[in-house]
Amino acid sequence: MKIGGFTRFSLIDYPGHMCAIIFTQGCNLRCFYCQNPELVLPEKFAQPIAQEEIFTFLEKRKGLIDAVEFSGGEPLLQDGLIDTIEKIKIMGYLIKIDTNGTIPDILNEILKTRLVDYIAMDIKSSLKNYENIAKVKVDNNAITESINIIMENAPDYEFRTTVVKGFHDKDEIEKIGSLVRGAKRFFIQRVLFIKTLEDGFKAEDFTEEELQEFKKTMTKYVKYCTIR
Ligand code: SF4
């Protein structure tokens, strides 16, 4: 397993929990707005962090933080992911995984272990526009399969869309909503342009009114929706 970053404490990434975050190296997508290019582009990878370092930290923090998130990159691409999750789960931590939803077989396998407590899946756009954001070929069936697997089998979950002016509008939100109809939790995420995979990419921010309109639209499809 290749770990490219580690955040010791976050209050905002796992609803209701204090978590540490393990960032894995490598992704099969190339979303132009990606805010972690150093975890996606192999030429930008840093020397991986040793797992033992993280295990030692987690042993010491038992009772102070209660969850560990795997983010990336795309964590489901990692060899040895289940072994690592198992070791952390044995320490008593809740486990959250962030995924882009392109590898349903592995997602299914991981959920079957019952080691994972929460899945967060990105929905980039409507299926028709996926490749305009991911910038690589995407199997739309894999996306819908992952959505179904999560809604049927994940103990807890969220879907989320990072919205970018010029790519997302009310019609896109309607189409995304119909993909996740009946879902428990949905987050509309503002994009930050501090650093992006496509160097120097910028777009105008959505206004608060526009974001509220997206939220109102998504609320027709899901049980809970908010903006973050
Ligand atoms: S946004 Fe997520 S799925 Fe897209 S390139 Fe970055 S890490 Fe990969």
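The values are calculated or read from the model by the stated rules, or taken from the named source; none is laboratory data. Note that the structure is a prediction, hence the values are computed from the model and not measured. As a convention, Cβ positions derive from the backbone with ideal geometry for all residues, glycine included, and neighbour counts pool all protein chains shown. Only protein heavy atoms, including side chains, enter the accessible area calculation; ligands, DNA and RNA are left aside. Shrake-Rupley method; radii C 1.70, N 1.55, O 1.52, S 1.80 Å.
PRE reach from Ile227 (point 7 Å along Cα→Cβ): which of the range 147-180 fall under 12 Å by backbone N?
Within reach of a label on Ile227: 163.
For a label point 7 angstrom out from the Cα of Glu43 toward its Cβ, which stretches of the range 122-146 have the backbone nitrogen within less than 14 Å?
none
Quick one: accessible surface of Leu64, probe radius 1.4 Å, all protein chains present, in square angstrom to the nearest 10.
Counting only protein heavy atoms, the figure is 110 Å².
Springs between alpha-carbon pairs under 10 angstrom, Gaussian network model over the chain: which of Ala67, Ala154, Ala46 fluctuates most?
Greatest mean-square fluctuation among the candidates belongs to Ala46.
Extending each Cα 7 Å along its Cβ direction at Ile12 and Leu211, get the distance between those two points in nm, one decimal.
The two pseudo-label positions are separated by 1.0 nm.
Amide H to amide H, which residues 5 or more places from Phe6 or on other chains are under 5 Å from it, using H placed in the peptide plane?
Phe23
If DNA, RNA and ligands are ignored and the probe is 1.4 Å, what is the ranking of Lys128, Lys2, Lys170 by accessible area, most exposed first? Don't skip to the answer; put the middle values down first.
Working: Lys128 175, Lys2 115, Lys170 90 Å².
If we order Lys128, Lys2, Lys170 from most to least accessible, we get Lys128, Lys2, Lys170.
Compute the Cα gyration tensor for the range 2-78, then decide on rounded, prolate or oblate, letting a ≥ b ≥ c be the square roots of its eigenvalues: rounded whenever a/c is under 1.5, prolate when a/b is larger than b/c in the other cases, and oblate in all that remain.
On the way: a/c = 2.68, a/b = 1.57, b/c = 1.71.
Verdict is oblate for the range 2-78.
Using a 1.4 angstrom probe on the protein heavy atoms only, line up Glu69, Glu131, Glu174 by accessible area, largest first. Before the final figure, lay out the partial values.
Details: Glu69 5, Glu131 75, Glu174 40 Å².
These residues rank, largest area first, as Glu131, Glu174, Glu69.
Of the accessible area of the chain, with the probe set at 1.4 angstrom, what percent is carbon plus sulfur?
Details: 5480 of 10950 Å².
Taking all protein chains in place, the chain shows 50 percent carbon and sulfur surface.
With springs only between Cα atoms under 10 Å, which of Gly26, Gly177, Gly166 fluctuates most in a Gaussian network model of the chain?
Sorting by GNM fluctuation, first place goes to Gly166.
For a quick check of understanding: with a 1.4 angstrom probe and all protein chains in place, what accessible area in square angstrom does Phe214 have, to the nearest ten?
10
Averaged per residue, what accessible surface does the chain expose to a 1.4 Å probe, in Å²?
Details: 10950 Å² over 228 residues.
For the chain, the solvent-accessible area averages 48 Å² per residue.
Give the residues of the range 37-58 whose amide nitrogen is closer than 16 Å to a point set 7 Å from the Cα of Lys87 in the direction of its Cβ.
Flagged as within label range: 48-58.
Would you mind classifying the range 3-227 by shape? Square roots of the alpha carbon gyration tensor eigenvalues, ordered a ≥ b ≥ c; an a/c under 1.5 is rounded, otherwise it is prolate if a/b is larger than b/c and oblate if not. Provide the component values of the computation, followed by the final result.
Numbers: a/c = 1.63, a/b = 1.38, b/c = 1.18.
Judged from the Cα gyration tensor, the range 3-227 comes out prolate (a/c at least 1.5, a/b above b/c).
Is the C-alpha gyration tensor of the range 136-228 telling us rounded, prolate or oblate? Criteria: a/c under 1.5 is rounded; beyond that, a/b larger than b/c is prolate, otherwise oblate. Present the calculation step by step, with values, prior to reporting the outcome.
Working: a/c = 1.95, a/b = 1.33, b/c = 1.46.
Oblate, because a/c is 1.5 or more while a/b does not exceed b/c.
Enumerate the amide H contacts of Cys225 below 5 Å, restricted to partners 5 or more residues apart or on another chain; note that Pro and chain-start residues carry no placed amide H.
Here Phe186 satisfy the definition.
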